[in-house]
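Let me begin by presenting the structure, written as structure tokens, before commenting on it.
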Amino acid sequence: GDSVTQMEGPVTLSEEAFLTINCTYTATGYPSLFWYVQYPGEGLQLLLKATKADDKGSNKGFEATYRKETTSFHLEKGSVQVSDSAVYFCALSSIQGAQKLVFGQGTRLTINP
Amino acid sequence: GAVVSQHPSRVICKSGTSVKIECRSLDFQATTMFWYRQFPKQSLMLMATSNEGSKATYEQGVEKDKFLINHASLTLSTLTVTSAHPEDSSFYICSAVQGSNQPQHFGDGTRLSIL
């Protein structure tokens, strides 16, 4: 079945550091890919998405490119801020899965001032 | 836009109590709503998919008689945890979708604690 694998956390960085959170997936067909962010005690917010190969999703300085050849959707940000501290989830949705989201295990990110 | 409201945000109750959680799409009509459960420091696990006016589809291993889902309108779905026990304590999150090929929009979650 479909699955998503994220790099294990927690990840701790200093403010203004470069961020990469790796995400790879296994799916039949051509899924849509998402990054969601969860702040403490809250639900998930959609951060960015990409629906086809080579698409780049971007939002709030975060970027991720849909790489079909490597089945990856790594999240990057050039300069992180303390306010970026949260848990980040990579997810996929396939037509075969009837729009169900399959989540990775989540990566907890802490940014120190 | 695309706001999903979940209520209550936190519930603490005694074992044996039934608890109802509401999920509302405030500014759009949700053709489908999803219910997830999240254990501490873990990912979200889909419990069931709910379409307006029809019975919910439960994921394998989820007891449909334990977790009753009603999706009576295009803006409201409810999850009732019947006769809750301490092992049902968890963070429950709903999401709503406006149509096909649209992203899910999540509520802020309900933290359920059963004493």
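None of the figures in this text is laboratory data; all of them are computed from the coordinates on show. If you're wondering where the values come from, they're calculated on a predicted model, not measured in any experiment. Heads up, the Cβs are rebuilt from the backbone with ideal geometry, glycines too, and the neighbour counts pull from every protein chain shown.
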Which residue is farthest from B:V19 (Cα to Cα), if the candidates are limited to the range B:56-78 and must be within 14 Å of chain A (Cβ to nearest Cβ) and part of a strand (DSSP E or B)?
B:T57
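So, in the range B:79-94, exactly how many residues are outside any loop (DSSP other than H, G, I, E, B) and not acidic (D, E)? Walk me through how you get there before you give the answer.
Taking the range B:79-94 and keeping what is outside any loop (DSSP other than H, G, I, E, B), we get B:79-81, B:86-88, B:90-94.
Among the residues that remain, those that are also not acidic (D, E) are: B:79-81, B:86, B:90-94.
So the answer is 9.
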Where residues in the range A:26-43 are over 11 Å from the mean Cα position of the chain (by Cα) and more than 10 Å from chain B (Cβ to nearest Cβ), which of them is farthest from A:L92 (Cα to Cα)?
A:P40
Collect the residues in the range B:1-38 that are outside any strand (DSSP E or B), away from every other protein chain (no Cβ under 11 Å) and touching a strand residue (DSSP E or B) at 6+ places or on another chain (Cβ under 7 Å), keeping them in residue-number order.
B:P8, B:S15, B:S18, B:L26, B:A30
Select from the range B:95-115 the residues that are within 8 Å of chain A (Cβ to nearest Cβ) and not in a loop (DSSP other than H, G, I, E, B) and write down the one among them that is surrounded by the most Cβ atoms within 10 Å (Cβ to Cβ).
B:S95
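Quick test for you: out of A:G61, A:G29, A:G41, pick the one residue that is exposed (fewer than 15 other Cβ atoms within 10 Å of the Cβ) and in contact with a Lys or Arg (Cβ under 7 Å, 6 or more places away or on another chain). So that I can check it myself, show each step before the final result.
Working: A:G29 fails: in contact with a Lys or Arg (Cβ under 7 Å, 6 or more places away or on another chain); A:G41 fails: in contact with a Lys or Arg (Cβ under 7 Å, 6 or more places away or on another chain).
Every option except A:G61 fails the conditions.
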Hits in the range B:21-54 (condition: within 11 Å of the chain's Cα centre (by Cα) and among the acidic types (D, E)):
B:E22
Specify the residue that is nearest to the chain's Cα centre (by Cα); the eligible residues are those in the range A:67-84 that are more than 21 Å from A:D54 (Cα to Cα) and in contact (Cβ under 8 Å) with a residue 40 or more places away in the chain.
A:D84
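Search the range A:79-93 for residues being surrounded by 19 or more Cβ atoms within 10 Å (Cβ to Cβ) and among the small types (G, A, S), and hand back the single one that is farthest from the other protein chains (Cβ to nearest Cβ).
Keep residues of the range A:79-93 that are surrounded by 19 or more Cβ atoms within 10 Å (Cβ to Cβ), which gives A:80, A:84, A:86-93.
Filter once more, so that each one left must be among the small types (G, A, S): A:86, A:91, A:93.
On the way: A:A86: 13, A:A91: 9, A:S93: 8 Å.
So the residue we want is A:A86.
With over 17 Å from A:S94 (Cβ atoms), among the hydrophobic types (A, V, I, L, M, F, W, C), buried (at least 19 other Cβ atoms within 10 Å of the Cβ) and within 14 Å of chain B (Cβ to nearest Cβ) as the only criterion, which of A:L47, A:L75 stands out? Even if it seems obvious, please write down each step before you answer.
Numbers: A:L75 fails: within 14 Å of chain B (Cβ to nearest Cβ).
Just one listed residue meets the conditions, A:L47.
From the set of residues in the range A:50-72 that are hydroxyl-bearing (S, T, Y) and closer than 22 Å to B:F106 by Cα, which is farthest from the other protein chains (Cβ to nearest Cβ)? Lay out the reasoning, then the answer.
So the first thing to find is which residues in the range A:50-72 are hydroxyl-bearing (S, T, Y), and the list is A:51, A:58, A:65-66, A:70-72.
Those still in the list that are closer than 22 Å to B:F106 by Cα too: A:51, A:58.
Numbers: A:T51: 8, A:S58: 15 Å.
Out of the qualifying residues, it is A:S58.
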